[in-house]
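Take a look at the structure set out below.
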Amino acid sequence: MERNMQIATIIAVLIVAVGIGYYLPNSAGAEPVYIGHIGPLTGFMAAYGDQEKQGIDLAVEEINALGGINGRELAVIHEDDQMDPTMATNAINKLITVDKVPAVIGEISSAVTLAIAPIAERNKVVLISHLANSNEISGAGDYIFRIQATDALQAEYLVDLASSLNLSDCAILYMNSDFGIDLEQSVADHFVKNGGIVAISEGYNPDATDFRTQLTKIKAENPSVIFLIGYPNDMAMALRQAKEIGITSQFIAPDTFNEPIIIELGGNATEGVIFLYPPTEGPKWDEFNQKIMDKYGDNATIVTAMAYDATNLLATAMKSDGVTGEAIKAGLYQIEDYPGVTGNITFDEHGDVISRVYIPKIVKGGKFEDYGA
């Protein structure tokens, strides 16, 4: 009798343990759900890579604390590509063939995203970019998503800002890359549609350090506004050289301008530059910023927040529809008004976020300030 009671007790304990196992991440031998991340963890854009890694890792930590993906732990495999298409291609092939991930977060560069998108599409692996904005990404495939606004949408904001300042003739100085060329064309088209005149448009190579030839041509046209389209380091150098040769036109820049390194490198040549940036204020942003500050000792950036939102969107889709690429794709298309840190997110039929809002900011007194404040 006593032996039977002992056996019954053991069975009861096992039943309870197994039951608990269904709710504990990575319990009862369940394998983690792996996803990939491709970004510039080293190299000239490593600051962005570090920011996005912070957002992804924080999201994964919080998701697992709440039970993971239906009881399975979520894990991320970070791959460094130095924002290089060849390195990114090798990374995504490794993530797909070796690690067998059903979804990948990345890349921040439009050129790199467009390089790896066909591989993801062919293998039915979801690729969700949190920062690439080329219009071409809209047609990259059913498994390709992004939560950054398209170049066409940001161009509308840039041109509307110039129009509000009664700046009717422009020059465009842009980086010769998928990002720069795409945004340059969108800005030029929208500026002309608004009745403005594009006096001159000059491109430069991504590795350029001397912009005097292009700037001299622009100065000769004496435009009321110069749209400066590039990344932080090159925009800072271009502004310094523009000041040196006496250009006094109003500079307007896209959201890539909002990096402290620009003021550090550009000095007082950055004073008065107006640029666009997604809103980073309100209770939800403040809460997120405090989490990043507590964990990493840094203020949150839009890069950090976009990566955080992308990770949570994948987790939401996996919890509702499953962990295969096809299931995640279906789940993402069904999401409506996901309450992200960067705003509510709904995807259209192209996998693009339906709307984004930008506000103007200005460099004033060596600091980024809200325009008009």
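The values are calculated or read from the model by the stated rules, or taken from the named source; none is laboratory data. Please read these numbers as outputs of a predicted model, since none were measured by experiment. Heads up, the Cβs are rebuilt from the backbone with ideal geometry, glycines too, and the neighbour counts pull from every protein chain shown.
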Of the conditions (1) of a type in the set (A, V, I, L, M, F, W, C); (2) free of Cβ contacts under 8 Å to residues at least 40 places away in the same chain; (3) buried (at least 20 other Cβ atoms within 10 Å of the Cβ); (4) closer than 22 Å to Pro278 by Cα, Met175 clears all except one; give me its number. (2)
Looking at the stretch 139-172, which of the residues that are crowded, with 24+ Cβ neighbours inside 10 Å and without any contact (Cβ under 8 Å) to a residue 60 or more places away in the chain is farthest from Gln334 (Cα to Cα)? Cys170
Looking only at the stretch 66-116, how many residues end up being under 15 Å from Gly49 (Cα atoms), outside any strand (DSSP E or B), touching a residue at least 40 places away in the same chain (Cβ under 8 Å) and not hydrophobic (A, V, I, L, M, F, W, C)? 7
Tally up the residues in the stretch 235-268 that are crowded, with 18+ Cβ neighbours inside 10 Å and within 27 Å of the chain's Cα centre (by Cα), please. 18
What number of residues within the stretch 279-313 are touching a Ser or Thr at 6+ places or on another chain (Cβ under 6 Å) and not aliphatic (A, V, I, L, M)? 1
All but one of (1) modelled with pLDDT under 95; (2) in contact with a Phe, Trp or Tyr (Cβ under 7 Å, 6 or more places away or on another chain) hold for Ala132; state the number of the condition that does not hold. (2)
Of the numbered conditions (1) among the aliphatic types (A, V, I, L, M); (2) at pLDDT below 95; (3) more than 27 Å from Gly230 (Cα to Cα), Val125 fails exactly one; give the number of that condition. (2)
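Kindly indicate which of Asn70, Asn90, Asn64 is at negative phi and surrounded by fewer than 18 Cβ atoms within 10 Å (Cβ to Cβ).
On the way: Asn70 fails: at negative phi; Asn64 fails: surrounded by fewer than 18 Cβ atoms within 10 Å (Cβ to Cβ).
Within the list Asn70, Asn90, Asn64, the selection yields Asn90.
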Residue match in the stretch 194-209 (condition: within 30 Å of Ala46 (Cβ to Cβ) and over 27 Å from the mean Cα position of the chain (by Cα)): no
Six or more apart or on different chains, Cβ under 8 Å: which pairs go from a residue in the stretch 239-267 that's more than 25 Å from Pro279 (Cα to Cα) to one that's surrounded by fewer than 21 Cβ atoms within 10 Å (Cβ to Cβ) and of a type in the set (Asp, Glu)? Could you list them? Gln241/Asp210
